[in-house]
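Take a look at the structure below.
Rule-based calculations on the coordinates, nothing more; no lab input. Remember, predicted model here, so these are calculated numbers, not experimental data. No Cβ is skipped: glycine too gets one built from the backbone with ideal geometry, and neighbour counts run over all protein chains shown.
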Amino acid sequence: MNCEAEISFLCRLMKNYGVQTLRFQRSDPPQIDLGLRDSIHLVNLKSDFFVHMQPRTMYAVDDALLCHYNALLLPDTDEVLLIGPYLTQDVTEQTILQLMDKLRLPSGALTILTHYYQQLPVIIVNDTMMLGLINTLADTLWGEDCNFETHYIESNTLSDVTRGEDPAFLKKIMDAADLKLMEARYEAENRLMYAVAHGHTHQAQMMISHANEHVLEQRTMDSLRNIKNYGIVLNVLLRKAAEDGSVHPLHIDQLSSSMARRLEQLRSPADALKLFSTMVHKYCLLVKNHSMKNYSQLVQHVILRIDADLTADLSLKSHADFLNVNPSYLSTLFKRETGMTLTDYVNRQRVEHGIFLLNATDMQIQTIAQYCGIPDVNYFTKTFKKFIGKTPKEYRQDIRGR
């Protein structure tokens, strides 16, 4: 097939939205939907559905549980591309109760369905966006001038096997839902930690954007306390991810403590979701700016001493004496691993701290120079201009609009 790259791209895009994609022979369809759909016995998406699929046809399937799918036969093959399930609306408890009443489901299904919907991605926009993506793929597969059909399939019923008050049957489905929910949550957490540990900001932001107050695990009746608890867990996961990214606890602890304080100050679930995004962003930046995984032990010690106190004696001799190594060897090693001399590295860190103070405070430039470890304001000004291209005074005037 000549469109493998396009299909692979679409599958990766769907994965970023949390949407499952499957490719399989239509004569041998896999177990669909995290194992739960097979237990619930939906009338759609059984083997006979795939067997009777037609070429050059897009299938848009809406099922009785508000789930959406898209499916097509790949050109010149007997292989199916299935996308879904996904939701196009937030599913609240009220929505579930209305659905249960409509489908005449037993009361025990409430917990099952609540857990089930926690596993599904929500494409809030609407399914038109999703269908547009699929149609674009169809144009690529079959050519823009090639007519293809779109079949809309909708079911509002469940099979009779689902109904009834059989406690053993309901418990079996509930146990499967609990297990799959737990597995899905741990998998999502591991993927998030991997993204943060590697400083992949956009990927991590995409993952955390899928979290919302309707799908977070409910541990208390207080929605705000519940989401704060989730934030505490998230902060611990992100802290561990930063550590896996070779960031020293000196930096991690400062950010972690700051985020913990902000979590306890939250006043609404909506504010919490915004803070979660901020947390992910800041931890990713922490890894990008402070990861030392590519440095030797000696250079890591030097960088840590610099970060710990910019006002200390950070000369080559001071570092060499502290580490009990030859100054010439340390200088060569540091430049080879960082790409700059120790003096330039220290001065750059001091200038970056100066930029922060110029933005965040009204302190006089001479005071800022001292806080940056350069008591001589003239030398500080000269060093600042070397790295930034303007003096501290000019920089402050520019950011404040003169």
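Listed highest first by mean packing, meaning other Cβ atoms within 10 Å per residue, what order do 316-323, 68-75 come in? Could the numbers behind the result be given before it?
Working: 316-323: 15.2, 68-75: 20.9.
Peptide ranking by packing, descending: 68-75, 316-323.
Would you grab the residues whose amide H sits under 5 Å from the one on Thr150? Only those 5+ places off in sequence or on another chain, please, with H modelled 1.01 Å from N.
The list, which skips near neighbours in sequence, is Met58.
Under the Kirkwood approximation for Rh and a Cα-based Rg, what ratio Rg/Rh is obtained for region 321-366? Provide the component values of the computation, followed by the final result.
Values: Rg = 14.8 Å, Rh = 12.5 Å.
Result for region 321-366 is an Rg/Rh of 1.18.
What is the distance, in nm, between label points placed 7 Å from the Cα along the Cα-to-Cβ direction at His151 and at Asn16?
Modelled inter-label distance: 3.2 nm.
With 10 Å bins from zero, work out the P(r) of region 267-344 over every alpha carbon pair and list the percent per bin.
17, 39, 20, 14, 9, 2
Compute the length gained on full extension between Leu133 and Arg185: take 0.36 nm times their separation in residues and subtract their Cα-Cα distance, giving the result in nm to one decimal.
On the way: separation 52, 0.36 × 52 = 18.72 nm, distance 2.71 nm.
Roughly 16.0 nm would be gained on extension.
Quick one: which of 95-105, 286-296 comes out on top by average Cβ neighbours within 10 Å, and what's the full order, highest first? Walk me through the numbers on the way to the answer.
Numbers: 95-105: 14.8, 286-296: 16.6.
In decreasing order of mean packing, 95-105, 286-296 become 286-296, 95-105.
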